[in-house]
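J.: Got a structure here, written out as structure tokens. Questions coming.
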Amino acid sequence: MQSRQHSAESEDHGIDLAPMLDFVLNLLIFFIITTSFVKDPGVSISRAQAATAEHRANGNLLVAIRENNEIWIDRKRVDIRELRAILERLHIERPDDAAVIVADKASRAGVVAQVMDEVQMVGIKDVSIAAAPGEGG
Amino acid sequence: MRLKRHGSTEHGESSHGIDLAPMLDFVLNLLIFFIITAVFVKEFGLQVSRPGGQVQTSAAAGEGSTAIRILPGGEVFIDERIVDVRAVSANIERIHAVTPSKGVLIIADQESATGVLIQVVDQIHLGGVYDITFATGR
């Protein structure tokens with residue numbers, strides 16, 4: 001009797017970890033599900049404002065075009081001729097990602113058209129041009 | 001002595017369940033990793049199609065679609081008239097009312113600024129047309 005009481009006391013010493021573990025596992029699952037592996041271009045772009053800009057749900061593949069017409073993808077500056085190989089690799093890695101072309105206000109429309117062509121030639125069907133939601137006009 | 005042995009069997013009894021502590025450490029580490037790497041993209045964009053692309057729509061780039069030209073300086077031409085960028089939506093609305101189910105073809109100069117292009121696309125959307133094809137020319 002005495003020894004049983006002693007053992008019960010020693011078991012009660014620590015905190016019961018099970019509810020905490022449940023909670024932490026739920027948090028973990030939430031973050032795993034919501035995590036999206038965005039291909040950040042790594043440069044800051046001043047977007048044009050557009051009132052009708054829509055939220056691109058899985059626009060994870062970002063191609064940036066700077067004001068000096070440099071193309072940046074995945075934190076690297078690339079030439080228009082090597083863009084297709086990179087896009088192909090990224091498209092194979094994550095086929096469901098939509099592409100968003102983040103073009104600077106002052107960049108040339110010709111470069112945007114070229115990049116859009118490359119993206120579509122790789123087989124990415126969902127392409128859009130990024131804009132900041134706002135007043136527009 | 002006997003009491004001590006008894007105590008040791010009691011100790012064995014108390015470790016019936018799995019020890020959760022190392023698993024909890026591991027799970028917490030995973031959790032921290034995912035919290036740190038979580039990036040919530042909030043990218044807003046406008047969808048336009050390209051001629052010859054797979055998402056090419058029938059009306060746009062076809063015959064009878066409204067053509068809007070953007071010159072290198074940022075001037076916008078509709079029906080051979082210079083139109084202010086802010087007046088594009090009104091013009092599109094008018095044309096759309098006369099000939100509905102027609103797409104809009106934007107022919108932007110290679111040298112024109114993307115900002116003007118986005119403004120024009122926005123204005124066309126405001127005018128009620130979402131079937132937009134974007135081509136470049138000189």
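J.: What number of residues within the range B:24-46 satisfy the criterion of being facing chain A (nearest Cβ under 7 Å) and assigned to a helix (DSSP H, G or I)?
T.: Total meeting the criteria: 8.
J.: Still on this structure, please answer the following. What residue, among those in the range A:118-132 that are among the charged types (D, E, K, R) and more than 22 Å from A:Arg81 (Cβ to Cβ), is nearest to the other protein chains (Cβ to nearest Cβ)?
T.: Only one residue fits best here, namely A:Lys125.
J.: Another one. With the structure loaded, tell me whether B:Val129 is part of a loop (DSSP other than H, G, I, E, B) and buried (at least 20 other Cβ atoms within 10 Å of the Cβ) or whether it fails that test.
T.: The answer is yes for B:Val129.
J.: Could I ask something else about it? Is at least one residue of the range B:67-76 crowded, with 22+ Cβ neighbours inside 10 Å, within 12 Å of another protein chain (Cβ to nearest Cβ) and either over 26 Å from A:Asn69 (Cβ atoms) or of a type in the set (Gly, Ala, Ser) (or both)?
T.: Within the range B:67-76, not a single residue is crowded, with 22+ Cβ neighbours inside 10 Å, within 12 Å of another protein chain (Cβ to nearest Cβ) and either over 26 Å from A:Asn69 (Cβ atoms) or of a type in the set (Gly, Ala, Ser) (or both).
J.: Among the candidates A:Ala64, A:Ala98, which residue alone is assigned by TED's automatic domain parsing to the domain that holds A:Lys125, at pLDDT 90 or above, crowded, with 19+ Cβ neighbours inside 10 Å and closer than 30 Å to B:Arg69 by Cα?
T.: A:Ala64
J.: Given the criteria of a type in the set (Val, Ile, Thr) and buried (at least 21 other Cβ atoms within 10 Å of the Cβ), does A:Val115 qualify?
T.: Answer is yes for this residue.
J.: For the range A:33-52, which positions are loosely packed, with under 15 Cβ neighbours inside 10 Å and facing chain B (nearest Cβ under 7 Å)?
T.: Selection gives A:Thr34 alone.
The values are calculated or read from the model by the stated rules, or taken from the named source; none is laboratory data. The structure displayed is predicted, hence computed values, not measured ones. Cβ: placed from backbone, ideal geometry, glycine included. Neighbour counts: every protein chain shown.
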